[in-house]
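Structure first, then comments.
The values are calculated or read from the model by the stated rules, or taken from the named source; none is laboratory data. Bear in mind the structure is a predicted one, so any value in this text is a computation, not a measurement. Cβ coordinates were reconstructed from backbone atoms using ideal geometry, including for glycine residues, and neighbour counts include every protein chain displayed. Each accessible area value is taken on the protein alone, full model and side chains, heavy atoms only, with ligands, DNA and RNA left out. Shrake-Rupley method; radii C 1.70, N 1.55, O 1.52, S 1.80 Å.
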Amino acid sequence: MTRAGAFRPERPGDRTGAREPSPDERRIDLPVARRPLAGLLLGASVFVAAGAWMLAGHPGPVVAGIALLAIAFFGLCGLVALRDLTRRGPVLSVSAYGLFDRRFSTAWIPWSALEACHVAAGVLSLTVKPERDAALPLTRRARWTARLNRLVLRPRGPLGARLYWMPCQGVAGGAEAVAQALARVLGSRR
C-alpha cells in the first residue's frame, strides 16, 4: 500500500520463481448492499412518480421537458438499482490473482494488468496498463461509463485514458470494506 487507500499491485517480476495464484486463493467475497440499493430504488420511484404527476397536469413545454427528463433519468437509475438489488452471490471478489466486480467485468481482472488501484470518495479507481486495456474482460456498461466519466471529469495526462471507476456503494460495507479487502489480499502478497 502506498498511501491510505492506494495500492500498487506488484509486477510479474517481483515474485521470482513464484507461481501465479489462482482466483480462488485467499479470496474475499463482498456481497450486495441491499439497504442502500432499496433506498435508491425507492427514491428513483418517487421522482418517476413526481415526473408523471407533473405531466398529468398538462404543463407547458419547459415543465414537460423537465418531467420527461426526470422520468428518463430516475427510471434508468431505478432499473440499475433493481438489477443490482436482485443480484445473487458476491458483487466484488478480491483475491491474490486479481479482482472481479460482477457489475463491470465478465471475468477476473488480474493484478498484472493494473498499474494501481485506489479507493477514495466511495469509488474504486483502476489504472490499467496501456497494452492490457483492450483485452480486459470489461462489460459494455463499464467501457461506456468510463468514456462518459472521461468526458465529464476530464482527467489530465496519459493516465486519464486508462482509468476505470467502480462505485463501492453497491457493496456491503461500502468503500471501507473494499479498502480493507484490498489491504488484506495485497498485504498478504508481499
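Worth a mention:
- Here LEU37 fulfils each of the conditions (1) open to solvent by less than 50 Å² (accessible area, probe 1.4 Å); (2) more than 16 Å from TRP165 (Cα to Cα); (3) part of a loop (DSSP other than H, G, I, E, B); (4) aliphatic (A, V, I, L, M) apart from (3).
- Checking each residue in the stretch 133-156 for being at positive phi and at pLDDT 80 or above picks out no residue at all.
- Exclusive hit being assigned to a loop (DSSP other than H, G, I, E, B), of a type in the set (A, V, I, L, M) and open to solvent by 50 Å² or more (accessible area, probe 1.4 Å), set ALA72, ALA135: ALA135
- Listed by first and then second residue, the pairs linking a residue in the stretch 60-82 that is on the phi > 0 side of the Ramachandran plot and free of Cβ contacts under 8 Å to residues at least 24 places away in the same chain to a residue that is of a type in the set (Lys, Arg) and exposed (fewer than 14 other Cβ atoms within 10 Å of the Cβ), with Cβ atoms under 8 Å apart and 6 or more places separating them unless they lie on different chains, form an empty list.
- Test: residue in the stretch 98-111 that is farther than 19 Å from ASP29 by Cβ, in contact with a helix residue (DSSP H, G or I) (Cβ under 8 Å, 6 or more places away or on another chain) and not β-branched (Val, Ile, Thr): no
- Only one entry of ARG88, ARG103 meets the criterion of being surrounded by fewer than 17 Cβ atoms within 10 Å (Cβ to Cβ), closer than 15 Å to ALA172 by Cβ and of a type outside the set (Asp, Glu), and that entry is ARG88.
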